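Undergrad: Here it is, the structure, as structure tokens.
The values are calculated or read from the model by the stated rules, or taken from the named source; none is laboratory data. Quantities reported herein were computed from a predicted structural model and do not represent experimental measurements. So basically every Cβ, Gly included, is an ideal-geometry build from the backbone, and we count neighbours across all protein chains shown. Protein only, heavy atoms only, side chains kept; ligands, DNA and RNA dropped before computing areas. Shrake-Rupley method; radii C 1.70, N 1.55, O 1.52, S 1.80 Å.
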Amino acid sequence: MDGKLNIIREERPGHILFRLEGRIDAYWSKYLDEALDNAFREREYNIALDMGNIEYLSSLGIRSLIRYAKMAKGVNGVFGISASSKEVQAVLEMVGLAGMLEWKRPEINADKTEDKTTEFQEDGFIFKVSEIKGKENGTFKCTLNGDPEGIKKGFTQKDCISAKFGSGKYGLGLGAIGSGFDDCKSRFGEYIALGDAVAFMPSGDVNTPDFMITEGSLIPSINMLYGISLEGSFSHFIKFSPSENRKSVTLSSIINTLAQKTGFREFAMIMMAESKGLVGVALRRSPVALENDELFSFPQIKENLNLTTEPEYTGDISLSLSIVTRNETSPLRRFTRETAPTFENPQKLRHHTHSAIFGYKPIAKSQIAVEEAIKSLFDEERLESVMHLLNDRRDATGAGESEFTQGVCWIGKIDKF
């Protein structure tokens, strides 16, 4: 052998087989990672490795195998080694992983469609909608805190509200994690509350996202300047993926499609999706004690806001919360902005969407509980940013709108304020 790693991919009934030959060391393990990453991004979660002709397996190679085995398990897939050379078998037995990494043939068509599933195609994407079992209500009570227009004139201590979240509680707005207004006044930025996890993007000199998760008696909380808070549960689970002729779908198209198909006039949506490119904004400067319209004045705006000049975070995972309304008299109108119209649904809905952005993680094909999906991201992946998603429609210089290649959503009707 020439010391290289040769990889041959074969399509088999119900799974993918990779025939590997050569060495899996620190250098060549990167090529194996690339091949497996591509398979997972194609939503191929049943993968067997024929390692009968591998002459060397390093610690980095073992680490890669463990990583993909965990990824497959997290999405109800099957990953493992179907054949081993004596060198590979000896190494796996020494580290106690021979049994864990043994491949077991999956049942063909084991991924059965959930009961009461409706499938339709819109804007070149296939949507599958199913009811969430075990939810007695499936609706939300919405609480509006503070004044979003305060960002134009500046906030003071009297505007600060402390809010706790936890299971069944969600929200978004401007806020900061800390011990009170004085501790947070230089760091207020966009936050997203997702049940047992709260994340925010600090303004000021520290440009690193922070988060708090439920641990024992510790419940995540936020000091908010304004925000939308929700309490309740989701009623429907949605999967979306491209048809043969489309590669991505916009956030507006997803919102408009689900509003049209569900008939909900106001609803909350959590979406976990693979990004084709995100367009959004985050505060660089805290809005506390600003003078009137100082935040958006030129040229200060360039120092005050971090606005994407082109779509970013391609291939990463966006975990977003959208609050949506099409009720012209709703109190949500002053907290929301219009979506972009689509050809199929020209009516402009209004929404407010914040997104927590993580490194890539495969998305389950089958229905998964929203709490489980959120926990898996915060436990296993690095939080890269938190931003307010928007439609940048500036002539010539606008970056457009966030787009996604595939994903899942949970939605629930807002029925109380």
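Undergrad: Given the options Lys375, Lys348, Lys365, name the one that is assigned to a loop (DSSP other than H, G, I, E, B), among the basic types (Lys, Arg) and more than 21 Å from Thr250 (Cβ to Cβ).
TA: Lys365
Undergrad: Could you check Lys302 against (1) out of contact with any Gly (no Cβ under 6 Å at 6 or more places or on another chain); (2) crowded, with 18+ Cβ neighbours inside 10 Å and say which number it fails?
TA: Answer for Lys302: the failing condition is (2).
Undergrad: Identify the single condition in (1) modelled with pLDDT of 90 or more; (2) in contact with a helix residue (DSSP H, G or I) (Cβ under 6 Å, 6 or more places away or on another chain); (3) not aliphatic (A, V, I, L, M) that Ser252 does not satisfy, given that it satisfies every other one.
TA: Single failed check for Ser252: (2).
Undergrad: Would you pick out the residues in segment 199-237 that are buried (at least 22 other Cβ atoms within 10 Å of the Cβ), modelled with pLDDT under 95 and β-branched (Val, Ile, Thr)?
TA: none
Undergrad: Quick one: how many residues across segment 189-201 are closer than 22 Å to Leu305 by Cα and touching a helix residue (DSSP H, G or I) at 6+ places or on another chain (Cβ under 9 Å)?
TA: Count: 1.
Undergrad: Condition first: modelled with pLDDT under 95 and surrounded by fewer than 17 Cβ atoms within 10 Å (Cβ to Cβ). Now tell me which residues in segment 139-149 satisfy that.
TA: Selection gives Asp147, Glu149.
Undergrad: Is segment 252-261 home to any residue that is more than 25 Å from Asp316 (Cβ to Cβ) and of a type in the set (Lys, Arg)?
TA: Yes; the residues of segment 252-261 include at least one that is more than 25 Å from Asp316 (Cβ to Cβ) and of a type in the set (Lys, Arg).
Undergrad: Something else about it: Kindly provide the set of residues from segment 378-414 that are open to solvent by 50 Å² or more (accessible area, probe 1.4 Å) and in a strand (DSSP E or B), ordered by number.
TA: Glu403, Lys413
Undergrad: Further question: Scanning segment 33-90 for residues that are surrounded by fewer than 20 Cβ atoms within 10 Å (Cβ to Cβ) and among the β-branched types (Val, Ile, Thr), which turns out farthest from the chain's Cα centre (by Cα)?
TA: Filtering first and then ranking leaves Ile62.
Undergrad: Tell me the residue from Glu149, Glu215 that is acidic (Asp, Glu) and out of contact with any helix residue (DSSP H, G or I) (no Cβ under 8 Å at 6 or more places or on another chain), please. Full working, then the answer.
TA: Values: Glu149 fails: out of contact with any helix residue (DSSP H, G or I) (no Cβ under 8 Å at 6 or more places or on another chain).
Going through Glu149, Glu215 in turn, just one is acidic (Asp, Glu) and out of contact with any helix residue (DSSP H, G or I) (no Cβ under 8 Å at 6 or more places or on another chain): Glu215.
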